Structures are given as C-alpha cells and as structure tokens.
Amino acid sequence: MSTINQAMTTTKSASSPSLIKKFPEAGILLVLFGICALFEILGWIYRGDTFLFNSQRLLIMILQVSIIGIIAIGSTQVIITSGVDLSPGSVVAVAAMVSASLAQSSEFSRLIYPSITDMPVILPIAIALLVGALAGLINGSLIALTSIPPFIATLGMMVAARGVARAYTNGQPVSGLTDAFQWIGSGGRPVILFLVVALIFHIALRYTRYGKFTYAIGANVQAARVSGINVKAHLIKVYVVAGLLAGLAGLVLAARSGSGQANMGMSYELDAIAACVIGGTSLAGGVGRIAGTVIGVLILGVMTSGFTFLGIDAYYQDIVKGAVIVSAVIADQYRQRRRMKAKA
C-alpha cells in the first residue's frame, strides 16, 4: 500500500510555488478569467454590449455545458488510469432513445410501446443508467480481460452503440414524453445534477480507496499490481462509472430536449476529453482532478458562448477549439517533462 500512497503523493505534489501546490487549478482558473475578460472587452468593442453581465446568456451557457460536464467527469477518471473512452457520445444517444421510449405519454399518437405508457419516471431513469453501465461494463471487460487497447475497445463501442441508437426506431425520433420525465431537464436542474455529480466524484477521488486505486493504476500499473490492487477489477469499475455517467447525460439530454434522437451526443466524447485535458488531466495517466475538469468545461462553454455572441462562424469556432486542445496537450507534455526532471 506504500506504493499507492507514494503515487498519490507524487500526483498531488508540484514543482511550482506553494499556491499551485494548495490549489493546482489556479493557473487554469486564471485562463478562464482571462477568456471571460477578453470576450467582455470584445463585446463592448464590436457589439456595444456586455458578455458577462447578461444572466440569460450565462444560464444558457451553463446549461449547454452541463451535459458535457457530466460525461467529462467520467472521462477524467478513465484518463487518470491512462485510458481513453471514445464511446460516451454514442452511449448518450442509446440512453436517450431507450429512456425516451419508456417515458412516452398515452396521449401521443406515435408510441414505441403502446402497452407501456405513462410509466413512473423512475423506470426510464433506471433503464438509462443501466444502458450506460452495461456499455461501460463491456468496455471495461474488453480492456481488462483481453488487453485490447482502450482506444480500440471504446472505438468499437462508439460505432456499435451509434448503430443501436439508429436501429432502435429505424432512425425515427421518439417524442411525446411525459411532463414528469421532462421535468428532469427543465430549468437549472441539469446544472444542479452536474455539480452534484462533480462533488461526489471529487470526494471519491480524493478521499476514498476508489480514488487512490485509480491514481495508482495511472501512475504505475505494475507497482499497483505489486501493491495488491486488483487492476482488472478496478479498471472495469472505472469504465462502468464512465458509462453510467454517459447514460445519465443521455437521460438529461432527452428530458431537456423533449425527445430522443439517434444523432444525439455527436462528438460529445471529444468535447469531454478536451475539457479534461484543458482542466489539467494528463493523457499519460496518474494526474487529474475533478475541479480542473469543471473549470475546463466552463472554458469550453465560455468560448462557445463568446464566439456565438460575437457572431463568429461555427467553422472558425472549431478551428480555435482545436488549437486550444493542442495547446493544452503541449502544456501537459511540458508538465510531464518537468515532473520527470524533478524526479531525476
């Protein structure tokens, strides 16, 4: 167990000043403030309007990123183990379609299951979470038991799950959902769910054996095995959690939009990974915090909202977003080299 504690100590330590040691996300938070200030200045210059002090715009921005944020919390844990999950976007679509089909009102004319309508809202919720957990279980089992690289295993799930979403209703959207189901995605509830999930897994990663094992595996999988960690079982747990959160995101997305559609969640996995990397989670594994991911999600949200506010075309938004992601990876590589030099 000493090796685990050593891995955790290495993860939490930093070669920067004491402020960064106490609050590793300080630098990322400054970047967020800087981006906000930049859009505020550009807003007055080019639009003659405020960007930050518009409550409606801020609410829409936070609502837009909350679903990505739920996925990103699961992706953070996967990446900490030196893995990657490319399937959440497709799992979101399957969970949205299945949960929506079980939440239809009897007053709607085009029913997927005519004999199952007006069901208690707990049923579609449970099924959406089960769908996500099952996808995560398949991912984790393939990776842990067959030693398939995470990229390949989750790429296969990404393609297969998208196919399942399209085949479920032959590509037709599922509408006519009950008010009780849509209540889940109304108002600021998606944001509350995101923050609650973030808090739960912040505590889990920092203060529980689950978190210690996750960091230890990412820092040095061989040392984790020697320390007595059942690496295969724990990897499966991590991917199940990631799948479960993708299922939750699909549920919230269907409830918020009032329908389930097979093309939901397109590229959500990339935005989630981007948020993790921007938030300081290392693609090399062993390093990452939920607080950083939350800030990374907010940075993506501010950028998207700011570009829309300034009227910048979506194509250019993607170019800038790609540049930010590459910059974050370069910064991560730089941090990795500094850590290796410090150890030497």
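The values are calculated or read from the model by the stated rules, or taken from the named source; none is laboratory data. Here the structure is a predicted model, which is why all the values come from computation and not from measurement. Here the Cβ positions follow ideal geometry from the backbone for every residue, glycine too, while neighbour counts run over all protein chains shown. Each accessible area value is taken on the protein alone, full model and side chains, heavy atoms only, with ligands, DNA and RNA left out. Shrake-Rupley method; radii C 1.70, N 1.55, O 1.52, S 1.80 Å.
Split the chain at each of the chymotrypsin sites (Phe, Trp or Tyr not before Pro) in a DSSP loop with at most 16 other beta carbon atoms within 10 Å, and the longest piece is 109-344. Computed extension length for I330-A284: 15.3 nm, one decimal, from 0.36 nm per residue of separation with the Cα-Cα distance subtracted.
Only one of [x] 20.3; [y] 21.7; [z] 20.8 was calculated from the structure for Kirkwood radius over Cα pairs in Å, and its label is [z].
I'd like the carbon and sulfur percentage of the solvent accessible area for the chain, probe radius 1.4 Å, heavy atoms only, ligands and nucleic acids excluded. List each step's numbers first, then the result.
Numbers: 10550 of 15880 Å².
Reported share for carbon and sulfur atoms: 66 percent.
Distance between the C-alpha centres of the range 140-206 and the range 208-259: 13 Å, rounded to the whole angstrom. In the full protein context, the chain carries 46 Å² of accessible surface per residue, based on a 1.4 Å probe and ignoring ligands, DNA and RNA.
Working ranking of peptides 127-133, 76-82 by packing, defined as the average number of other Cβ atoms within 10 Å per residue, highest first, is 76-82, 127-133. The figure for R47 is an accessible area of roughly 120 square angstrom, using a 1.4 Å probe on the protein chains alone.
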